[in-house]
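Since the structure comes first, as structure tokens, the remarks are kept for the end.
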Amino acid sequence: MNELLEIDQMYASDWEDVRLIFLEGIKTGNATFQQEAPSWEKWDRSHLSQCRYVVRSEGKVIGWTVLSPTSSRCVYVGVAEVSIYVSQQHQGIGVGSRLLNTLIEASEQHGFWTLQSGIFPENNASLELHRKFGFIEVGRRERIGQMNGIWRDVLLLERRSKVVGNS
């Protein structure tokens, strides 16, 4: 696939495309515990306003990434959780890498020193992508949640900034 991919800020007007990609991830059963996409308003409130990016191909959103706070405690202001989704028909062409690289750079510019992600062990593509960008496995939460009657584990990965929080 030889298409022009453009990284851009995510806007409220992108929500329908973002939502559809999120629903694709939900359908796989290996992307999230969520069973349905929330409203824009609920989704917007639960994610940080900075570091929201999309990849566009011919003007259409084909992937997105955002950060969520991990805690309301002030000592964790530089720690955030990564969400990254790529439309199924555009996986394997570098969209995830472009998004995650952009997110990491922007997060450091905004003072984040730790990015973390919770990933189902079965989600090999996501695990490989995160590891490629320096995320390491720091734990496994066994049988942390039940989905469709099946207990699921979640691997905890984190990436420490080499430039923020090292003093």
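Using the structure shown, decide if Gln34 is without any contact (Cβ under 8 Å) to a residue 40 or more places away in the chain, touching a helix residue (DSSP H, G or I) at 6+ places or on another chain (Cβ under 9 Å) and either closer than 19 Å to Arg98 by Cβ or surrounded by fewer than 17 Cβ atoms within 10 Å (Cβ to Cβ) (or both).
Yes, satisfied.
Taking interchain pairs and intrachain pairs at least six residues apart, which have beta carbon atoms under 7 angstrom, with the first residue in the stretch 1-30 and over 19 Å from Ile119 (Cβ atoms) and the second assigned to a helix (DSSP H, G or I) and modelled with pLDDT of 95 or more?
Qualifying pairs under 7 Å: Leu5/Val95; Leu5/Arg98; Ile7/Arg98; Ile7/Thr102; Met10/Val18; Ala12/Trp40; Trp15/Trp40.
Which residues, taken from the stretch 56-70, are within 17 Å of the chain's Cα centre (by Cα) and either modelled with pLDDT under 95 or not aromatic (Phe, Trp, Tyr) (or both)?
Within the stretch 56-70, Arg56, Val61, Ile62, Gly63, Thr65, Val66, Leu67, Ser68, Pro69, Thr70 meet the criteria.
Report yes if some residue within the stretch 52-66 is basic (Lys, Arg), in contact (Cβ under 8 Å) with a residue 40 or more places away in the chain and in contact with a Leu (Cβ under 7 Å, 6 or more places away or on another chain); otherwise report no.
Among the residues of the stretch 52-66, not one is basic (Lys, Arg), in contact (Cβ under 8 Å) with a residue 40 or more places away in the chain and in contact with a Leu (Cβ under 7 Å, 6 or more places away or on another chain), which makes the answer no.
When the residues of the stretch 46-65 are filtered to those that are of a type in the set (D, E, K, R) and over 19 Å from Gln116 (Cα atoms), which remaining residue is surrounded by the fewest Cβ atoms within 10 Å (Cβ to Cβ)?
Glu58
Of the conditions (1) modelled with pLDDT of 95 or more; (2) under 22 Å from Glu24 (Cβ atoms), Gln91 clears all except one; give me its number.
Tallying (1) modelled with pLDDT of 95 or more; (2) under 22 Å from Glu24 (Cβ atoms), Gln91 fails exactly one: (1).
Can you tell me which residue is nearest to Leu67 (Cα to Cα) among those in the stretch 110-155 that are crowded, with 19+ Cβ neighbours inside 10 Å and of a type in the set (Ser, Thr, Tyr)?
Ser117
Hey, among the residues in the stretch 40-54 that are among the aromatic types (Phe, Trp, Tyr) and under 18 Å from Leu103 (Cβ atoms), which one's nearest to the chain's Cα centre (by Cα)?
Tyr53
Taking the options Ser72, Ser68, name whichever one is surrounded by 12 or more Cβ atoms within 10 Å (Cβ to Cβ) and either closer than 28 Å to Gly149 by Cβ or not aliphatic (A, V, I, L, M) (or both).
Exactly one of Ser72, Ser68 is surrounded by 12 or more Cβ atoms within 10 Å (Cβ to Cβ) and either closer than 28 Å to Gly149 by Cβ or not aliphatic (A, V, I, L, M) (or both), namely Ser68.
The values are calculated or read from the model by the stated rules, or taken from the named source; none is laboratory data. Since the structure is predicted, the reported quantities are computational estimates derived from the model, not experimental observations. Here the Cβ is made from the backbone with ideal geometry for all residues, glycine too, and neighbour counts use every protein chain on show.
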